[in-house]
Amino acid sequence: MFDTVIRGGIAVTPQGESNSDIAIKGEKIAAVTQPNAIPQGNASREVNAEGKIVIPGGIDPHVHCAWHMPLPDGSAMTSAPPEVVSRAALWGGTTTLLDFAARMEPKPLRQVIAERDEQWVNKCYCDYAYHLMLLGDIPPEVFDELPSLISDGYPTVKIFTTNITPNRAGRLVHFGDLWELFKTLSKAGGLGVIHAEDNDIVMHMYGKLIREGRVSFHNLAEVHNALSEDLSFRRVLRLAESEKTPLYMMHVSAGTGVQAIREARANGQPIYGETLHQYLLYTQEDYKRPNGQIYHTYPSLKSQQDQDALWAGTLDGSINCVATDEVCCSLNIKTIGDRIDDTTGGNAGVEPRLGVMYDEMVTKRGYSLTKFVDQISTNAAKIMGMYPQKGAIAAGSDADICIFDPSIRGEVKAENLHEADYSPWEGHAISGWPVLTMLRGKIMVEDGRFLGDLADGKYLKRSISPEILTSPAL
């Protein structure tokens with residue numbers, strides 16, 4: 001006897017797309033079968049998915065919940081907590097979030113994790129994990145601590161090669177420390193998670209534009225420019241090559257970054273690329289629109305040519321994941337900064353990600369359902385050490401399932417979403433939308449009702465496969 005059988009949908013499985021029935025027992029998928037192979041009456045609940053698409057729950061590998069946000073007046077606040085973001089994620093078909101545990105003060109990383117747990121445990125509706133984040137100068141004791149943490153299920157480590165803005169000193173990790181980190185990661189089976197921009201170029205451009213009085217946020221693409229991405233990516237990738245270190249390049253925004261990843265992968269380096277849905281949908285021209293700050297994150301939006309290169313990267317393996325860089329706040333906070341050095345990064349984007357990307361990828365560009373699912377779920381699960389527990393509709397996998405209805409038509413409206421009072425995708429066409437989300441066998445969203453509990457979300461200990469660590473496996 002099964003708990004649930006989902007019947008009649010087009011299921012996207014590791015074997016491809018097919019009409020399949022999916023049987024669920026407890027928290028796991030028990031079987032994926034031919035239609036009607038499971039007799040009626042063999043489950044407590046039958047779900048009719050006829051005319052719909054059944055995909056693994058979305059995975060967003062890049063979010064910032066309860067995150068420190070500096071404001072133009074020198075004060076600070078925090079972005080929306082896991083409770084808000086995870087609820088919106090489930091409404092949008094995403095069942096797993098990866099956030100950050102940042103070492104912002106001199107303290108052991110295990111203490112950093114414990115303090116982050118206080119913000120997440122029993123306060124998140126969906127499953128989640130952390131990337132460790134190292135900032136500024138890294139003392140030897142941190143390198144000594146990392147191997148045990150990697151083996152204990154925290155295998156990804158985030159660093160910055162820039163301070164991002166002049167008033168955020170202390171983020172940049174110098175290349176000597178980066179070299180030591182790469183040695184540690186290679187030996188311990190970890191993965192470097194990189195925000196790569198050339199700090200000298202970025203800070204030079206801040207100074208230049210401020211001197212010239214061109215301080216409006218409309219000029220952000222000149223500061224966080226494609227040359228900066230080119231120089232930093234190539235330097236980081238060369239350092240990784242020397243130590244055989246696998247890397248995940250976060251929020252690739254420029255064609256130069258795509259090309260650097262492409263060349264490294266062609267040489268056999270285990271390098272993976274992430275872009276964001278705002279880079280795929282908007283360019284620097286969108287800064288000129290009303291409240292143009294809502295389209296911004298760091299690095300900046302860039303040209304149409306850069307956007308075209310990102311789309312090409314999703315086809316040739318250079319770009320493996322579409323994430324959000326979620327920083328959920330109100331419209332007032334998102335637009336309170338209007339200078340190149342105080343504009344708020346991130347966006348409220350976790351809920352519409354699957355719907356918007358389905359429209360762009362499948363409806364408008366003709367991507368296969370498998371390619372779409374790879375970009376919004378499966379590849380992240382593989383790269384981040386969660387596959388096949390997550391990111392797959394297969395026997396033995398967690399029953400994290402999104403039923404997607406391609407007959408729904410309309411447009412994105414912030415008033416219909418569940419995370420903020422604005423959406424950068426306001427008015428974007430919809431050619432399908434999630435109608436049921438299941439987390440480990442429990443239906444969390446169905447028929448316009450939210451059924452989750454804050455105790456439902458569980459932390460995911462992860463271990464990255466040797467294939468991902470040693471070659472460009474995707």
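Laboratory data are not the source of any read-out in this text; all were calculated from the coordinates shown. Worth saying up front: this structure is predicted, and the values here are computed from it rather than measured. A quick note on method: Cβ atoms are made from the backbone with ideal geometry, for glycine too, and the neighbour counts reach across all protein chains shown.
Points worth noting:
- DSSP assigns beta bridges within the chain; of those with both partners inside it, close to 50 percent run antiparallel.
- Taking every C-alpha pair closer than 8 Å and separated by at least 6 residues, the mean separation divided by the residue count of the stretch 58-388 gives a relative contact order of 19 percent.
- ³J(HN,Hα) computed for each position of the stretch 429-438 - Karplus, 6.51 cos²θ - 1.76 cosθ + 1.60, integer Hz, glycine/proline x: 4, 10, 10, x, 7, x, 10, 8, 10, 10
- For T94, nonlocal amide neighbours, meaning residues 5 or more places apart or on other chains whose placed amide H falls under 5 Å from its own, are G58.
- Amide H within-cut-off set for T344, under 5 Å, with H built and near neighbours excluded: G337
- Inter-label distance, nm, simple model (7 Å from Cα along the C-beta direction), D144/A312: 4.9 nm
- Förster radius 30 Å - calculated FRET efficiency between S216 and Q305, Cβ distance, rounded to 0.05: 0.85
- Scanning the chain for long hydrophobic helices, with DSSP H runs required to stretch 15 angstrom or more by C-alpha along their axis and to average at least -0.5 on the Kyte-Doolittle scale, returns 140-151, 175-188, 199-211, 226-243, 255-266.
- Charge context of I38, other residues only, Cβ under 9 angstrom, K/R +1, D/E -1: 0
- Extension gain for F450 to E118 (0.36 nm times residue separation, less C-alpha to C-alpha distance): 117.1 nm.
- For M444, distant residues with modelled amide H under 5 Å away: T437, M438, L439
- Set K302/K390; K123/K390; K158/K390; K382/K458 screened for pairs whose C-alpha atoms are more than 29 Å apart: K302/K390
- Annotation for Q40 and T363: the two label points, set 7 Å from Cα along the Cα-Cβ direction, are 3.4 nm apart.
- Ranked by how many other Cβ atoms sit within 10 Å of their own Cβ, fewest first, the residues Y295, Y422 fall in the order Y422, Y295.
- Exposure proxy shown here: for K442, K382, K107, K158, the number of other Cβ atoms within 10 Å sets the order, fewest to most, as K107, K442, K158, K382.
- Among the listed pairs K208/K334; K25/K52; K25/K187, those with a Cα-Cα distance over 31 Å are K25/K187.
- Exposure proxy shown here: for S44, S18, S186, the number of other Cβ atoms within 10 Å sets the order, fewest to most, as S44, S18, S186.
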